[in-house]
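Inspection log for the structure reproduced underneath, given as structure tokens.
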Ligand SMILES: Cc1cc2nc3c(=O)[nH]c(=O)nc-3n(C[C@H](O)[C@H](O)[C@H](O)COP(=O)(O)OP(=O)(O)OC[C@H]3O[C@@H](n4cnc5c(N)ncnc54)[C@H](O)[C@@H]3O)c2cc1C
């Protein structure tokens, strides 16, 4: 065999069909792995209309101020009091009902106000500016072997945004999020900077926490922390009727720190089957395990997109989830990582449709009867319906005595529902009718619903869900006499209501 | 017959492809989420076109595939016009389309430049593309997919017709033998 000179071999290589085929194959695989996950477009805009996470309430605002310096914020508040401008406060805008903006308001964008100020290892506290995310705080406290007491199931939200809705998540031991606040610095509607605690006679915390940005700006906050313990994941598939007793056992025994569950919305096991995920204590503190990042979002998104089609796809999606939880049974995870659920795989970008969240709270001991009534109310297969339910997660929301507008008047289960529907007028009306019916059922059981989401409910349903609304309103008028802090949420529930309610 | 099909059909195919190119680009831009992906999809097209070109050169009886190449390209254009833009897997499908289309176009181009009429086509091609684009600029088209699907349909029919005629000719030649 005659060997070709190297130059000629090289020349021949790019002409070789096999070589070219290999290049094409490798390049295509590389593209597939790097196709970005489409992100929904939302946010603050001065040139276009401003929206929040769902884009359902576009509105023109007057301006955006990127928060950086507290005296600058104080000056803006004082000036707005003089010239009658409205102010709204925005974190990461994952709220869905216009909570972060208002027609012609100046929006304080708190994302840039995000320094972790102080970590006290001995007393287990962290002082942080309100625009920081839970992720920022976790990154700062993890090396000390510390973790947060209560957060949402993901760490993507700002501290200010989370405290202003009094969020809840997978923790079942430390009570409401509001209870983990030791101290807070606020900028009041009249422009004073105050440091407040739970024992403060003026009760600022009662209204700022869960106050939806209506009682001033949270500047910084000192939060109680706990150990970043290693947990063992325990998973199990259950029948709905066994859940109440399962959960009360769980609460009674002290060995589980965190817990959540999912209810099947797949046609063949609709509201019959559920699976649970418990995080059992091991007694080991960790300061080594890195904070987990989201991986596999592409595959996750493909799977969730198929499941979103409903019918047998939803069945397949549910079976797949059960396999997945079986595969993680017995795994170890740190507390910090258990509070960092994935989010990118959930992006929903179908034109002319929207994906929204709703959450209904139901007293713990009413769960089984409630689900049974719900089963009669909802179709088990929504494949051909416009209104589609794709997921129901169940979480524990303990009784809250800290906030004025509290959703948990007693120990509750929160049912977080992921819904998609069309944006045509009739489709919006249909979604509203179904959600209002669902809310009525929830109210019959002594429950309530969560306020950071889109206002499908009527003003009357709001007042029934939140009997403390009148006092909350009085306090708002008293503490913010010029009505400086405004948002669409407040305008809807406290002033105008739905168009048919006026 | 062969002469005529080699004289006029490639001209129609080449001119048509260039004329629908702007419409196809609009579709592709909508299917790709970012400009980076848009550029990658083009790169994938180019690499596979090189592969198609090379495969044509390395094979012997290559002309017999041309009707199927037309049919393939035609079906892809029709597919593009059928796919809804809100389809969740569109970027992945767009990649697949770019890869197959690149291959077919590379193969076709390698075949075309070896035809005698190619030089003649080159001038006519430019003149025709110019004229077609001027005409299209006056036509108010609601959606690019209409143009793409119309051309795809024509291309498919040409390929199908050619395949059929070739078949018949072969049978007749066999009879003569
Ligand atoms: C995908 C997804 C998952 C979610 N999961 C959970 C969950 O597991 N548990 C849960 O309880 N909730 C959950 N939520 C709801 C979420 O907790 C709230 O929407 C939360 O407010 C989001 O934080 P944010 O930083 O985006 O706040 P924003 O939406 O920006 O703000 C929310 C409210 O806080 C006010 N605010 C923000 N910053 C300040 C500040 N510095 N001072 C005063 N007021 C301020 C705003 O004016 C507004 O009224 C989820 C929402 C989404 C979209």
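Inclusion of residue A:296 among residues that are under 30 Å from residue A:159 (Cβ atoms) and at pLDDT below 95 is warranted. The residues on offer are A:191, A:216, and the sole one that is modelled with pLDDT of 95 or more, more than 13 Å from the ligand (Cβ to nearest atom) and on the phi > 0 side of the Ramachandran plot is A:191. Among A:361, A:345, which is within 23 Å of residue A:167 (Cα to Cα), touching a strand residue (DSSP E or B) at 6+ places or on another chain (Cβ under 6 Å) and not in a loop (DSSP other than H, G, I, E, B)? The unique qualifying residue is A:361. Residues that are out of contact with any helix residue (DSSP H, G or I) (no Cβ under 7 Å at 6 or more places or on another chain) and either assigned to a helix (DSSP H, G or I) or facing chain B (nearest Cβ under 7 Å) (or both) within segment A:14-44 comprise A:18, A:22, A:25, A:26, A:29, A:30, A:33, A:34, A:38, listed in sequence order. Within segment A:417-427, the set of residues being without any contact (Cβ under 8 Å) to a residue 60 or more places away in the chain and surrounded by 16 or more Cβ atoms within 10 Å (Cβ to Cβ) comprises just one member, A:427.
Condition (residue is under 26 Å from residue B:127 (Cα atoms), without any contact (Cβ under 8 Å) to a residue 60 or more places away in the chain, more than 14 Å from every other protein chain (Cβ to nearest Cβ) and surrounded by fewer than 18 Cβ atoms within 10 Å (Cβ to Cβ)) applied to segment B:40-47: is it met by at least one residue? Scanning segment B:40-47, I find no residue that is under 26 Å from residue B:127 (Cα atoms), without any contact (Cβ under 8 Å) to a residue 60 or more places away in the chain, more than 14 Å from every other protein chain (Cβ to nearest Cβ) and surrounded by fewer than 18 Cβ atoms within 10 Å (Cβ to Cβ), so the answer is no. The C-beta contact set for segment A:26-44 (first residue over 21 Å from residue A:355 (Cβ atoms), second residue modelled with pLDDT under 90, distance under 8 angstrom, 6+ apart or interchain) comprises A:33/A:298. Can you confirm whether residue B:50 is under 17 Å from the mean Cα position of the chain (by Cα), within 11 Å of chain A (Cβ to nearest Cβ), within 21 Å of residue A:26 (Cβ to Cβ) and surrounded by fewer than 22 Cβ atoms within 10 Å (Cβ to Cβ)? Yes; evaluated as a whole, the condition is true for this residue.
Looking at this structure, is residue A:133 in contact with a helix residue (DSSP H, G or I) (Cβ under 8 Å, 6 or more places away or on another chain) and surrounded by fewer than 24 Cβ atoms within 10 Å (Cβ to Cβ)?
Details: in contact with a helix residue (DSSP H, G or I) (Cβ under 8 Å, 6 or more places away or on another chain): yes; surrounded by fewer than 24 Cβ atoms within 10 Å (Cβ to Cβ): yes.
When the stated conditions are applied, residue A:133 passes them.
Collect the residues in segment A:143-160 that are touching a strand residue (DSSP E or B) at 6+ places or on another chain (Cβ under 8 Å) and either in a helix (DSSP H, G or I) or near the ligand (Cβ under 6 Å from one of its atoms) (or both), keeping them in residue-number order. Within segment A:143-160, A:144, A:153, A:157, A:158, A:159, A:160 meet the criteria. Selection of strands (runs of 3 or more DSSP E) fully inside segment A:55-128 by the criterion of at least 3 residues being farther than 22 Å from residue A:490 by Cα returns A:116-120.
The values are calculated or read from the model by the stated rules, or taken from the named source; none is laboratory data. If you're wondering where the values come from, they're calculated on a predicted model, not measured in any experiment. Counting neighbours? That spans all protein chains shown, and the Cβs are built from the backbone with ideal geometry, glycine included.
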